[in-house]
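Peer 1: Pasting a structure below so you can have a look.
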Amino acid sequence: MRKSKIILFLFFIFSVTIVKADEGMWLPQLLQKLNESRMKSLGMKISAADIYSINKGSLKDAVVSLGGFCTAELISSKGLILTNHHCGFDAIQNHSSLENNYLRDGFWAKTNKDELPNKGLFVTFIVRIDDVTRAVMNGVTPAMNEAERQSVIDKNIAAVQRNVQKQATQKSFVRGFFEANQYYLFVTETYNDVRLVGAPPSAIGNFGKDTDNWVWPRHTGDFSMFRIYASKDNKPAEYAEGNIPYTPKRALNISLKGIKENDFTLIFGFPGRTSEYLPAVAVEQIRTVSDPAKIAIREKALTIIDNYMRKDEAIKIKYAAKYASIQNAYKKWQGEVLGLTRTNAFAKKTNYEDEFQKRVDANPIWKTEYGNLLADFKTVYNNIEPYNLARDYYTEIFSKIELFSICARLKALQITYETKGETAFAERLKNIEPDLLHVLEEYNAEVDKKVAEALMEMYVQNQDKKYVSPEVLQALETTDGNFVAFINRLYSQTSLTNADSIEALLALPAAEAVEKIKQYDAIHLFSDVQSVYQNQVQKQQNIYQAYINKLQRSYMQAQMEVMKEKKFYPDANSTMRVTYGQVKGYNPRDAVYYKFQTTLDGIMEKYIPGDYEFDVPAKLISLYKTKDYGRYGENGKMPVCFIATNHTTGGNSGSPALDAYGNLIGLNFDRVWEGTMSDINYDPSICRNIMVDIRYVLFIVDKFAGATHLIDEMKLVQAGK
């Protein structure tokens, strides 16, 4: 009995901890007002001003947006930045060749002169964030329709931009928050000379590849290093040999102390997109209609492509990146459905809405303004459902059939010529031609035909016929409904998928090229598919979506008025955010519990010699056998990755994971599969972010790569500040 009571008590304590775990992607300039006390109760030892300040160097000055798609952080006073391997992948690939295969073998610059420039890669600092809601909303009234409202807002934003105080090297932008109920101005400074410094081989930086993607336990050393260069006066400058390493206002200290369960963690970065305040009916539509449709389409394509890749090494090479791209969202949506179902997200949202409606109905003013919001949501989501489904079928199917991707590009050239003339055609061609040739470099007609057979059948049979192209249906009639014969005929004009033929076509004068484009049956058919989508689906869907946007804005405003005890954070929109939580394992399903940390032991357990995903470099095996971990190991183990309750999403790749003192302890790179629903419904029971332990990063740089000169640049600390 005594043992049972103790277990019950511990379960209660654990449950309370879970309930109190913190979700949210918070604006850093509002932390002192909204979050500082809670963060300190979780163990944070620094202040909100240490995180964000415009008067002194703060943590925000050590965090940058990398290329507009990832996050990176400064880790030395010489402009050295750290980000994910997958964030640096394109740069690493661009510098790779058969002679210098940096993807396979890794790359480490021995001196500044050896660091490699990357055209088009940039980093952006946030200088300051200002609330400009009053100025942007000036003149906006409830009586305005959406177009009128947006027109006034656009003019006001333009005025704010004209009057903003900033230096010559700085830029600014204004972005809406809380469904366009609030607006903030961001003053930024961008550096365009960013050079590759170091990256581990893919067998470390992308260990586990597709199989381990979105999965815990994880053993990936997902990191790479770059350096920011500046003019001699430390200002932004285009690439030049005379540029010097950038001197930052702040660089992160790096902790060697390690982590333990329930430690405070803070993630700083630029998360992409979330939709946390959707009504229950919208979340349920995603779970039961939209995600399953997209999963089914991608599953068909993946099965076909995988079958060919297993049989033919040349196809495997050509389709590896495409397969990974298709599989990434496919696996993410599966996890989303699983998580929404397991945590009963619909009931959770419904209970919240019941309380919201109860409070609204009890207040005459609120009832007048917000009383019908939830009912209106149900009506409009019911109306938009078939259009959303038709949209998903169109976007998923016709982006996976590469013949139609080629058709879409050539059709765009035709339309450009017919609407804007020869000069515009020539300009558009500059972008479309290399894009087309890149598609054809990695194209196999047999694979594409099989994908088309399967997906066109889904397009025709799995949705209302009024959303299906009449020309597709007519063409099918001529083959007695035989999709194989229909597709064979569609692919019979082989010059459309031949690189030499396409190059010859695009070399013709614009008028001649357009006439030839018009002669392709596949382009003609795709034009009808596109026209049906635009006229039968997109137009009506846009009308409903505009109404949903207006309802969502009202619902956001209403929640903030009605649910006063709740602290609201804005959805992610690629602006700087802070999220905080604790190191913690989780229980993904019955009888299974995942610990918070993985080690090099797990890499060796997964090791498959010569395998594409799970091979391990010989030197890493040697270091493991001799336990040569230097000062980075812990109790005879080499920590690799860990998880915590931080609320993250795409764009947070490369974000620094900081401890209670603001020291770097890890590098964010993924989420667990069961918690990918966090974009629309964060639940602390299973939502976890995945980070590579900074000690593993240092171990690889120092002991594996021998790039000790990079370690010497960093400030390593054992504990505290």
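The values are calculated or read from the model by the stated rules, or taken from the named source; none is laboratory data. Model, not experiment: these values are computed from the prediction. We place every Cβ from the backbone using ideal geometry, glycine too, and count neighbours over all the protein chains shown.
Peer 1: Looking only at segment 177-200, count how many residues are assigned to a strand (DSSP E or B) and in contact (Cβ under 8 Å) with a residue 60 or more places away in the chain.
Peer 2: 16
Peer 1: Applying the selection to segment 416-445, what residues are closer than 20 Å to L403 by Cβ and either among the aromatic types (F, W, Y) or outside the structural domain of K518 (by TED's automatic domain parsing) (or both)?
Peer 2: Y443
Peer 1: Go through the residues of segment 144-159 one by one and say whether even a single one is buried (at least 20 other Cβ atoms within 10 Å of the Cβ), modelled with pLDDT of 95 or more, in a helix (DSSP H, G or I) and among the polar types (S, T, N, Q).
Peer 2: Yes, segment 144-159 contains at least one residue that is buried (at least 20 other Cβ atoms within 10 Å of the Cβ), modelled with pLDDT of 95 or more, in a helix (DSSP H, G or I) and among the polar types (S, T, N, Q).
Peer 1: Of (1) of a type in the set (D, E); (2) closer than 27 Å to N55 by Cβ; (3) not in a loop (DSSP other than H, G, I, E, B), D233 satisfies all except one. Which?
Peer 2: Exception for D233: condition (3).
Peer 1: Also: Answer yes or no as to whether S469 is more than 20 Å from V529 (Cβ to Cβ), polar (S, T, N, Q) and either in contact (Cβ under 8 Å) with a residue 12 or more places away in the chain or in contact with a helix residue (DSSP H, G or I) (Cβ under 6 Å, 6 or more places away or on another chain) (or both).
Peer 2: In short, no.
Peer 1: Go through segment 608-651 and give me each residue that's buried (at least 17 other Cβ atoms within 10 Å of the Cβ) and hydroxyl-bearing (S, T, Y).
Peer 2: Y624, Y629, Y632, T645, T648, T649
Peer 1: Enumerate the strands (runs of 3 or more DSSP E) found wholly within segment 617-690, keeping only those where 2 or more residues are touching a helix residue (DSSP H, G or I) at 6+ places or on another chain (Cβ under 8 Å) and within 24 Å of W333 (Cβ to Cβ).
Peer 2: Because the criterion is at least 2 residues that are touching a helix residue (DSSP H, G or I) at 6+ places or on another chain (Cβ under 8 Å) and within 24 Å of W333 (Cβ to Cβ), the strands (runs of 3 or more DSSP E) in segment 617-690 that meet it are 664-671.
Peer 1: Now a separate question. Being crowded, with 17+ Cβ neighbours inside 10 Å and farther than 23 Å from V447 by Cβ is the filter here, so list the residues in segment 393-425 that pass it.
Peer 2: Hits for segment 393-425 are L413, Q414, T416, Y417, F425.
Peer 1: Could you look through segment 567-578, keep only residues that are closer than 22 Å to F264 by Cα and among the charged types (D, E, K, R), and pick out the one that is farthest from the chain's Cα centre (by Cα)?
Peer 2: Looking at residues that are closer than 22 Å to F264 by Cα and among the charged types (D, E, K, R), I get K567.
Peer 1: Which condition number does V562 fail, the rest of (1) over 30 Å from W26 (Cβ atoms); (2) surrounded by 17 or more Cβ atoms within 10 Å (Cβ to Cβ) being met?
Peer 2: Of everything listed in (1) over 30 Å from W26 (Cβ atoms); (2) surrounded by 17 or more Cβ atoms within 10 Å (Cβ to Cβ), V562 misses just condition (1).
Peer 1: Output the residues belonging to segment 560-597 that are of a type in the set (A, V, I, L, M, F, W, C) and either without any contact (Cβ under 8 Å) to a residue 60 or more places away in the chain or in contact with a strand residue (DSSP E or B) (Cβ under 7 Å, 6 or more places away or on another chain) (or both).
Peer 2: A572, M576, V578, V583, A591, V592, F596
Peer 1: Please tell me if A345 is crowded, with 19+ Cβ neighbours inside 10 Å and of a type outside the set (V, I, T).
Peer 2: Here the answer is yes, as A345 does meet what is asked.
Yes or no, residue by residue, for (1) touching a Gly at 6+ places or on another chain (Cβ under 7 Å); (2) of a type in the set (S, T, Y); (3) in contact (Cβ under 8 Å) with a residue 40 or more places away in the chain:
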| site | (1), (2), (3) |
| --- | --- |
| V281 | no, no, yes |
| Y308 | no, yes, yes |
| A320 | no, no, no |
| T343 | no, yes, yes |
| K349 | no, no, yes |
| D376 | no, no, yes |
| T379 | no, yes, no |
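Peer 1: Assuming V562 fulfils every condition listed in (1) touching a Gly at 6+ places or on another chain (Cβ under 9 Å); (2) within 30 Å of L34 (Cβ to Cβ); (3) among the β-branched types (V, I, T) apart from one, which condition is it?
Peer 2: (1)
Peer 1: For segment 245-271, name all the residues that are in contact with a Leu (Cβ under 7 Å, 6 or more places away or on another chain) and either under 19 Å from T190 (Cα atoms) or not polar (S, T, N, Q) (or both).
Peer 2: Within segment 245-271, P248, R250, A251, L252, I254, L256, F264, L266, F268 qualify.
Peer 1: Scan segment 446-481 for residues that are at pLDDT below 95 and either more than 30 Å from E385 (Cβ to Cβ) or not assigned by TED's automatic domain parsing to the domain that holds L389 (or both) and report the count.
Peer 2: Result for segment 446-481: 3.
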